[in-house]
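Read the structure below first, then the notes.
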């Protein structure tokens, strides 16, 4: 199994606070990697490091064997490493159509139909400002924007946060389809059956370090059902 992204000895944080304490992470190509753990475990910080939004204080990051530790977030995105954060993932003052057009124009295209085919509900909201959408619709729009960029790697932070089980299930189903198409996915979430059911490999983070790595089936059912 080839490695898409490899994080070695990663230390990162905010101000004087270090969040990641020498974390090692190997993301297999074309698979789904789940980063699990409670709030504050370091999941979002890890994704921000992978996306280039947060710089490493020490350690290294490679992408298909090439060191990208100093590559900017914009360069990573242009190369196909797309990040969908848990907040501020859409332009709230722009309409749904404008949010989608920003992406296709940036990559030299004009067709937003793949996004509308993936999320038909957005077709009904094209003229609506993104900031007035429901939480689930905003997540759909954020994922649709990433889809239009044709990602090689998709980093998704807290997919199910604040969503009803029904809407969260729809988004997990969509993400599974994307993964089956060959896109490498890294998903950060709390312990949920949906995340575990989707993942090929699981990392459980605790206070910025890895407390478990392996097959989702190795986690005890009682642990996987609820956050700890």
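Every number in this text was worked out from the coordinates using simple rules, so none of it is lab data. Values in this document were obtained by computation on a predicted structure and should not be read as measured data. Counting neighbours? That spans all protein chains shown, and the Cβs are built from the backbone with ideal geometry, glycine included.
The table below gives the values:
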quantity	calculated
Extension gain, residue 173 back to residue 71 (0.36 nm per residue minus Cα-Cα distance, nm)	33.5 nm
Label-point separation, residue 39 to residue 11 (7 Å along Cα→Cβ), nm	2.8 nm
Value at 222 nm in deg cm²/dmol, rounded to 500, when DSSP H runs of n ≥ 4 in the chain each add -39,500 (n - 2.57)	-9000 deg cm²/dmol
Estimated inter-spin distance, residue 209 and residue 2, nm [label 7 Å along Cα→Cβ]	3.4 nm
Per-residue Cβ neighbour rank within 10 angstrom, fewest leading, 31, 43	31, 43
Part-to-part distance (alpha-carbon centres) for segment 136-164 and segment 40-61, which is given in Å	19 Å
Order of 66, 57 - criterion: other Cβ atoms within 10 Å of each residue's Cβ, fewest first	66, 57
Relative contact order of the chain, defined on C-alpha pairs under 8 angstrom at six or more residues apart (%)	28 percent
Segment 87-150: relative contact order in percent, alpha carbon pairs under 8 Å with at least 6 residues between	48 percent
In degrees, nearest ten, helix 135-148 long axis to first principal axis of the chain (Cα)	90 degrees
Residue exposure sequence - 139, 145 - by fewest surrounding Cβ within 10 Å	145, 139
Segment residue 164-residue 106, extension gain: residue separation times 0.36 nm, minus the distance between their alpha carbons	17.6 nm
Separation in nanometres of the label points that stand 7 Å from Cα toward Cβ, at residue 26 and residue 57	2.7 nm
Angle in degrees between helix 96-106 and the longest Cα principal axis of the chain, rounded to the nearest 10	70 degrees
Highest-first arrangement of 7-18, 146-157, where packing means the average Cβ count within 10 Å	146-157, 7-18
Relative contact order (%) - segment 1-84, alpha-carbon pairs under 8 angstrom, separation at least six	32 percent
